[in-house]
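Student: First, the structure itself, so that you have it in front of you.
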Amino acid sequence: MPHPLDAAAVRTWCALALQALGRERERIDAINVYPVADGDTGTNLYLTVESAARAVEAAFDGHGASGTAPGLADAVGAMAHGALIGARGNSGTILAQLLRGMAEILGDGADGDGRTDGAADGGHGAATALKRALRRAAESTYEAVAHPVEGTVLTVATVAARAAERADGSPAAVARAAYEGARTALEATPGQLAVLGRAGVVDAGGCGLVALLGALAGALSGEVPTAAIAVRPDAPVPAAGDCPAADGDAAGRGGPHGDGDPDGPAFEVIYLLEADDAAVARLRARLDGLGDSLVVVGGDGLWNVHVHVDDAGAAVEAGIEAGRPYRIRITHFGAADGGRTARRREPEPAARAVVAVVPGDGLAGLCAEAGATAVTVRPGEPPASGELVQAIRQAHAREVMLLPNDPELRHTAAAAAEQARTEGVRVALIPTRAAVQGIAALAVHEPARSFDEDVVAMTAAAGATRYAELAVAERQSWTMAGVCQAGDVLGLIDGDVAVIGSDLAGTATTVLDRMLSAGGEMVTLVLGAEFPDSLAERLERHVRERYLAVDTVVYEGGQRGAPLLIGVE
């Protein structure tokens with residue numbers, strides 16, 4: 001039975017898309033030959049959709065407190081935003097732009113009951129809106145890619161949108177037509193892009209889009225497509241150079257997936273960027289001159305930037321000139337036989353590694369210095385389990401210590417650990433509830449010990465560390481320490497508000513005194529992005545003068561949302 005195009009359908013779409021990409025992930029990774037055969041397109045698409053799904057669930061949770069459901073505009077907006085901030089690789093980045101394009105139309109066309117106009121009169125208006133959304137999605141992906149190339153996910157999206165426009169009936173019929181059109185377009189990609197034809201495979205990103213559209217059709221019709229995606233169809237192998245492209249130099253410059261050239265750029269650089277439209281326009285031109293596979297998606301002040309370059313530092317510096325880049329990820333494609341190759345060289349697995357979730361770039365650098373793999377997060381943007389699994393894989397070790405450093409990530413980290421164990425990695429989940437506990441655990445980590453002894457030592461160090469943080473109240477609220485007003489400085493000890501103050505200095509001092517009243521030998525101060533250095537020195541002096549046997553160590557954490565993190569051991 002067909003379902004209306006509403007917020008509930010978007011929620012179901014996300015769930016079905018995750019299931020479909022979960023089934024197809026390894027097959028999509030295996031055929032990933034364009035632009036570089038790094039075997040991660042399926043994984044990147046899965047992680048991108050997982051981030052989108054989490055954002056939609058958060059939208060439902062936010063409305064649940066008031067007893068209402070989110071509207072369609074809220075749901076599709078959350079899906080697009082979640083994909084944007086969680087986009088991985090160029091396929092994931094393009095997918096985020098595709099969802100943003102759909103949200104532009106479906107969000108504008110949503111009525112008061114959370115459905116598209118016409119959803120209550122047989123779905124004709126909703127079907128028209130979905131057609132327009134798919135068309136806008138395809139158009140927006142071309143706008144985001146510096147040098148579009150046909151025979152990729154861009155082509156698949158365009159053919160799907162055209163097929164949807166020819167469909168009659170309900171939104172379910174439109175979605176089904178788009179899905180069938182995408183399958184047909186996907187089968188033709190080896191004949192359009194030479195590197196695919198030579199490998200005898202279809203485009204990996206296009207495979208992911210077929211799975212996504214199949215999930216949409218299933219969400220609206222109630223009948224989930226079960227046919228496997230044909231990844232190696234019989235297709236004529238084109239001669240070298242027979243690659244039609246959207247502009248004259250696209251085949252050489254690289255399109256949405258790069259250029260497939262083993263002598264191509266050495267690094268993939270991805271980051272989120274806070275910047276205005278004019279600055280992003282200048283950034284596009286700058287990055288286009290530095291490398292290829294340039295994709296910039298987003299809007300309204302938040303962008304996701306992806307590019308392949310030889311000079312990763314220059315790509316990041318360009319982002320700094322344009323605005324504020326964060327969540328910066330740099331991947332080296334590897335080198336072999338004296339020259340660059342498309343596939344990363346796989347080193348011998350390390351015996352043991354540490355993966356830690358941290359709230360700031362400074363702590364990420366501290367983890368890197370200690371040999372740990374860091375997953376950097378921002379307030380309100382927790383990592384998905386797939387992101388943690390990917391970090392465990394990138395650690396490339398037989399044994400991994402996973403430090404979630406947040407009680408809210410307990411279940412997410414447990415799911416990631418369980419998934420990694422199915423892949424043959426021995427994972428120990430160290431129950432760290434704060435970044436300072438993670439620092440303490442990392443300090444006693446010793447790979448030369450037996451696995452179990454190391455787990456016990458790290459767990460004991462974390463458990464022996466009391467933690468606190470300062471935060472600024474956003475609104476009037478009841479707390480364990482009384483009623484706070486907007487702008488008050490809150491001192492949280494072991495997760496509960498214990499102090500309400502009017503300034504950072506006084507609140508921090510009171511929190512330190514309360515924690516040290518129970519004893520301690522070491523104080524760790526992790527400074528937020530805007531915490532004054534002079535205040536840090538004042539706190540150090542306070543501890544030194546009042547608690548003679550207590551040492552203090554200070555780190556530049558760079559975290560936002562919490563001006564100061566405190567640990568007492």
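The values are calculated or read from the model by the stated rules, or taken from the named source; none is laboratory data. What you are looking at is a predicted structure, and each value in this text was computed from that prediction instead of being measured. In this analysis, Cβ positions are derived from the backbone assuming ideal geometry, glycine residues included, and neighbour counts consider all displayed protein chains.
Student: Among VAL375, VAL425, VAL358, VAL389, which is out of contact with any Gly (no Cβ under 6 Å at 6 or more places or on another chain), over 26 Å from ARG560 (Cβ atoms), in the same structural domain as VAL455 (by TED's automatic domain parsing) and in contact (Cβ under 8 Å) with a residue 12 or more places away in the chain?
Tutor: Values: VAL375 fails: over 26 Å from ARG560 (Cβ atoms); VAL358 fails: over 26 Å from ARG560 (Cβ atoms); VAL389 fails: over 26 Å from ARG560 (Cβ atoms).
Selected residue: VAL425, the only one of VAL375, VAL425, VAL358, VAL389 that is out of contact with any Gly (no Cβ under 6 Å at 6 or more places or on another chain), over 26 Å from ARG560 (Cβ atoms), in the same structural domain as VAL455 (by TED's automatic domain parsing) and in contact (Cβ under 8 Å) with a residue 12 or more places away in the chain.
Student: Further question on the same structure: Let me confirm something: among ARG560, ARG514, which residue is assigned to a helix (DSSP H, G or I) and of a type outside the set (S, T, N, Q)? Reasoning before the result, please.
Tutor: Numbers: ARG560 fails: assigned to a helix (DSSP H, G or I).
It is ARG514.
Student: Output yes when any residue across region 113-121 is of a type in the set (D, E, K, R), modelled with pLDDT of 90 or more and closer than 20 Å to GLY71 by Cβ, and no when none is. Walk me through it before giving the result.
Tutor: So in region 113-121, the residues of a type in the set (D, E, K, R) come out as 113, 115, 117, 121.
Now restrict to residues that are modelled with pLDDT of 90 or more: none.
Scanning region 113-121, I find no residue that is of a type in the set (D, E, K, R), modelled with pLDDT of 90 or more and closer than 20 Å to GLY71 by Cβ, so the answer is no.
Student: I'd like to verify a number: residues in region 463-481 that are within 26 Å of LEU525 (Cα to Cα) and touching a strand residue (DSSP E or B) at 6+ places or on another chain (Cβ under 8 Å), how many?
Tutor: Just the residues of region 463-481 that are within 26 Å of LEU525 (Cα to Cα), to begin with: 463-474, 479-481.
Next cut, touching a strand residue (DSSP E or B) at 6+ places or on another chain (Cβ under 8 Å) only: 465-473, 479-481.
Selection size over region 463-481: 12.
Student: Which of the residues that make up region 281-294 are of a type in the set (A, V, I, L, M) and at pLDDT 90 or above?
Tutor: Let us first name the residues in region 281-294 that are of a type in the set (A, V, I, L, M), namely 281, 283, 285, 287, 290, 294.
Within region 281-294, ALA281, LEU283, ALA285, LEU287 meet the criteria.
Student: Within region 465-496, track down each residue that is touching a residue at least 24 places away in the same chain (Cβ under 8 Å) and surrounded by fewer than 16 Cβ atoms within 10 Å (Cβ to Cβ).
Tutor: Within region 465-496, VAL472, ASP494, GLY495 meet the criteria.
Student: While we're looking at this one, here's another question. Quick one: HIS396 ticks every box in (1) at positive phi; (2) touching a Lys or Arg at 6+ places or on another chain (Cβ under 9 Å); (3) modelled with pLDDT of 85 or more bar one, so which box is it?
Tutor: (2)
Student: Consider only pairs whose beta carbons are under 7 Å apart and that are at least six residues apart or on different chains; among these, list those whose first residue lies in region 285-304 and is closer than 13 Å to THR141 by Cα and whose second residue is at pLDDT 90 or above and loosely packed, with under 15 Cβ neighbours inside 10 Å.
Tutor: Once the first residue is closer than 13 Å to THR141 by Cα and sits in region 285-304, no partner that is at pLDDT 90 or above and loosely packed, with under 15 Cβ neighbours inside 10 Å comes close enough.
Student: Answer with yes or no whether ALA157 is under 12 Å from LEU134 (Cα atoms), over 26 Å from the mean Cα position of the chain (by Cα) and crowded, with 24+ Cβ neighbours inside 10 Å.
Tutor: Numbers: under 12 Å from LEU134 (Cα atoms): yes; over 26 Å from the mean Cα position of the chain (by Cα): no; crowded, with 24+ Cβ neighbours inside 10 Å: yes.
No, not satisfied.
Student: In region 543-569, how many residues are in contact (Cβ under 8 Å) with a residue 60 or more places away in the chain, more than 22 Å from PRO379 (Cβ to Cβ) and of a type outside the set (A, V, I, L, M, F, W, C)?
Tutor: Of the residues in region 543-569, the ones in contact (Cβ under 8 Å) with a residue 60 or more places away in the chain are 555-569.
Narrowing the set further to residues that are more than 22 Å from PRO379 (Cβ to Cβ) leaves 568-569.
Applying the additional criterion that residues be of a type outside the set (A, V, I, L, M, F, W, C) yields 569.
Residues meeting the conditions: 1.
Student: Quick check on region 395-411. Is at least one of its residues of a type outside the set (Phe, Trp, Tyr), in contact with a His (Cβ under 9 Å, 6 or more places away or on another chain) and within 23 Å of ALA351 (Cβ to Cβ)? Before the answer, list the steps.
Tutor: From region 395-411, those of a type outside the set (Phe, Trp, Tyr) are 395-411; that's our starting set.
Filter once more, so that each one left must be in contact with a His (Cβ under 9 Å, 6 or more places away or on another chain): 401.
From what is left, the residues that are within 23 Å of ALA351 (Cβ to Cβ) are 401.
Yes.
Student: Only residues in region 125-141 that are over 20 Å from PRO4 (Cα atoms) count as the first member; pair them with residues that are in a helix (DSSP H, G or I) and of a type in the set (Val, Ile, Thr), Cβ under 8 angstrom, at least 6 apart or cross-chain, and list the lot.
Tutor: Hits for this filter: ARG136/ILE105; ALA138/THR158; THR141/ILE94; THR141/VAL153.
Student: Sticking with this structure for a sec: Which of the residues spanning region 7-39 are surrounded by fewer than 24 Cβ atoms within 10 Å (Cβ to Cβ) and not in a helix (DSSP H, G or I)?
Tutor: The answer is ILE31, VAL33, ALA37, ASP38, GLY39.
Student: Next up: Among the residues of region 529-542, is there at least one that is of a type outside the set (D, E, K, R) and either closer than 22 Å to PRO382 by Cα or assigned to a strand (DSSP E or B) (or both)? Outline the logic, then answer.
Tutor: Applying the first criterion (of a type outside the set (D, E, K, R)) to region 529-542 yields 529, 531-532, 534-536, 539, 542.
Imposing the further condition that a residue be either closer than 22 Å to PRO382 by Cα or assigned to a strand (DSSP E or B) (or both) reduces the set to 529.
Within region 529-542, one or more residues are of a type outside the set (D, E, K, R) and either closer than 22 Å to PRO382 by Cα or assigned to a strand (DSSP E or B) (or both).
Student: Here is a further query. For region 13-34, indicate whether the set of residues that are over 23 Å from ALA164 (Cβ atoms), polar (S, T, N, Q) and either modelled with pLDDT under 80 or not assigned by TED's automatic domain parsing to the domain that holds GLU408 (or both) is non-empty.
Tutor: The answer is yes; a qualifying residue exists.
Student: For region 187-211, give me each residue that is among the aliphatic types (A, V, I, L, M), crowded, with 21+ Cβ neighbours inside 10 Å and either touching a Ser or Thr at 6+ places or on another chain (Cβ under 7 Å) or over 14 Å from GLU150 (Cβ atoms) (or both).
Tutor: Listed by number, the residues that qualify are LEU193, LEU196, VAL201, VAL202, ALA204, LEU209, VAL210, ALA211.
Student: If you don't mind, there's one more thing I want to ask. Between a residue in region 501-527 that is under 21 Å from LEU363 (Cα atoms) and any residue that is acidic (Asp, Glu) and surrounded by fewer than 16 Cβ atoms within 10 Å (Cβ to Cβ), which pairs come within a Cβ distance under 6 Å, given they are 6 or more apart or on different chains?
Tutor: MET522/ASP551
Student: Sticking with this one: If PHE451 meets every condition in (1) touching a residue at least 40 places away in the same chain (Cβ under 8 Å); (2) within 16 Å of ILE566 (Cβ to Cβ); (3) touching an Asp or Glu at 6+ places or on another chain (Cβ under 6 Å) apart from one, which number is that one?
Tutor: So the condition that PHE451 fails would be (2).
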